[in-house]
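The block underneath contains the structure these notes are about, expressed in structure tokens.
Derivation of every value follows stated rules applied to the coordinates shown; laboratory data play no part. Note that the coordinates shown come from a computational prediction; the quantities given were computed from them, not determined experimentally. Don't worry about glycine lacking a Cβ; one is built from the backbone with ideal geometry, like all the others, and counts go over all protein chains shown.
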Amino acid sequence: MFVKKLLICLAGGVVAVGCGTQSYVKNSGITRKAASSPESYSRNIQTLNSIPLFQGLETRKDNEFDIASVLIGIFNKIENESKNADNSLNRGTHAKGRCFEGDFTVFSNEELKNQFRYSDTLINRLKQGFFAQDGDHKAEIRFANAMGAKNPDTVADVRGFSFSVETFGDLKDHSGGFRQDFMMNSSPMFAVNNIQEFLELMKTARLAGGDWDYFPNPFYLKSVIKAKRLLDQYQCADTKSYATEEYWANLPYSHGLRPDGHPVDIVKFKTTPCDGQGIQHESSVGKSADYLQADIVRRAQSGQVCFLFQVQFFDLNKAKSSLKGQRSRWTASDWIENGGELWEETAMPFYTIAKIELKPESSREISCEDRYINTRLHSNRANQPLGSIARVRTMVEENSRARRMMEIR
Ligand code: HEM
């Protein structure tokens, strides 16, 4: 009975935790796909695969590319199963959402000292790579559900928050562009620790949905049960607003580069509402199917959307003390390759470095259909997502992007 319940739950929504074509104001747009061609898909995949690993920190398992191709096959099926009435494809996950132009402001040394009382040492540690570019940056922002279907907002789900920020000067990303992309979920950890566990989770979910093409490896049943527990905990039906949630990027990033090319620090990111009230919940019983969509548009127009962007520094000794058994002997590389694992906030706190705002005078709603986010393609070496999940997910996401933009089938 329990396994049957587990499989039914998994069939619904796995990716987070553990998501009409509206043409509004057309603009040059950071995340807008310039020219749609099959070439850009293969070029992007080539670029993703050519990003060098950080020696001593990242280790690619031999079957990593096999896992990527099986996952791409699974997401092709998910996308085909949730087509729109006009036969167009949605995003493989986080299918329903709203997009806006906004502002990403990196705080200066003075602001960090005066407003947050940070020491010079902490400020120098925070202001690395992209985060050393003070002031306002143009940003494009998307709030979304997490499942791969455009469900009513009253359906229990994790919420997604993704944004792309324009960079200045010569800070180019791996695609040769000038942007830094972020994707976040309203859950402090990812549903699984590494890409092998993610594959087994997806195979279990497919089998639960009656797809006999996949047989999960029973050795991973423990991580699947853990994912189920996290889904139960973070899939909420009482989201008050996208603007009153906290969001986490879940995966580790390099933060600054030493002269030998090694990262200065390894970090994770979080966003929290500027009003300091954290997460607010409110029952959605009796609310409309699009209450979150209408709410975020209203708040954007009245300047009620503001988040502090925060950084958490990795500390191996503190991380070790938060885990028991074999994992307490994890090396820094193990923590990076198992990037979905939680870094205890009590042991490793978050520090503010920037804020994201939708200012009524400068933010406007934009179309989501011709936009995309890719956290690895659009990152620079000093601010780059690391580990097995970060490497493989960006290939699956690129595949989903290219299919819904009709570059590939
Ligand atoms: C193996 C892990 C993952 C896989 C396979 C995956 C897969 C996907 C896919 C297929 C899309 C749609 C891309 C598009 O069509 O443009 C997507 C979007 C997204 N993912 Fe993931 N994802 C993974 C991990 C994560 C993680 C760790 C987070 C955040 C903590 C995340 C947050 C998001 C968000 C917010 C979007 C919406 C992006 C947008 O607004 O366009 N995903 N993901």
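Bridging of Lys287 to aspartates and glutamates at a Cα separation below 17 Å is possible for Asp153, Asp157, Asp238, Asp295, once same-chain residues fewer than 8 apart are set aside.
For the range 398-409, the Karplus equation 6.51 cos²θ - 1.76 cosθ + 1.60, evaluated at θ = phi - 60°, returns couplings of 5, 5, 4, 4, 5, 6, 6, 9, 6, 8, 10, 8 Hz by residue, with Gly and Pro reported as x.
Using the charge dipole of the range 2-404 (Lys, Arg: +1 at Cβ; Asp, Glu: -1 at Cβ; taken about the Cα centre), state which of Ser82, Ile336, His174 has its Cα farthest towards the positive end. Most positive-ward Cα: Ser82.
Each peptide in 192-200, 221-229 was scored by the mean count of other Cβ atoms within 10 Å over its residues; highest first, the order is 192-200, 221-229. Based on DSSP H segments of at least four residues, each scored -39500 (n - 2.57), the chain has a per-residue ellipticity at 222 nm of -9500 deg cm²/dmol. For the residue pairs Lys77/Lys355; Lys268/Lys324; Lys113/Lys359; Lys127/Lys226, the alpha carbons lie more than 28 Å apart in Lys77/Lys355; Lys127/Lys226. Considering all different alpha carbon pairs of the range 2-404, the Kirkwood hydrodynamic radius works out to 21.5 Å. Using a 7 Å offset from Cα along Cα-Cβ at Asp66, what residues in the range 187-216 end up with backbone N under 12 Å from the label point? Inside the label zone: nothing. Amide H contacts of Thr352: Val311, each under 5 Å away and 5 or more positions distant or on a separate chain (H built 1.01 Å from N in the peptide plane; Pro and chain starts excluded). Phi-derived couplings, Karplus 6.51 cos²θ - 1.76 cosθ + 1.60 at θ = phi - 60°, listed residue by residue for the range 72-82: 4, x, 5, 5, 4, 5, 4, 5, 5, 7, 10 Hz, with x used for Gly and Pro.
Using Cβ point charges alone (K and R +1, D and E -1), the dipole size of the range 269-325 about the Cα centre works out to roughly 300 debye. Projecting the Cα atoms of Phe219, Ser379, Ala249 onto the dipole axis of the chain, where Lys and Arg carry +1 and Asp and Glu carry -1 at the beta carbon, places Phe219 farthest toward the positive end. For the chain, a crude dipole built from +1 on the beta carbon of Lys and Arg and -1 on the beta carbon of Asp and Glu, taken about the Cα centre, is about 660 debye to the nearest 20.
Taking the highest mean first, how do the peptides 115-123, 170-178 order by number of other beta carbon atoms within 10 angstrom per residue?
Ranked by mean Cβ neighbours within 10 Å, highest first: 170-178, 115-123.
Working note: Karplus 6.51/-1.76/1.60 with θ = phi - 60° gives the range 39-46 the couplings 4, 5, 5, 5, 5, 5, 5, 4 Hz, where Gly and Pro are set to x.
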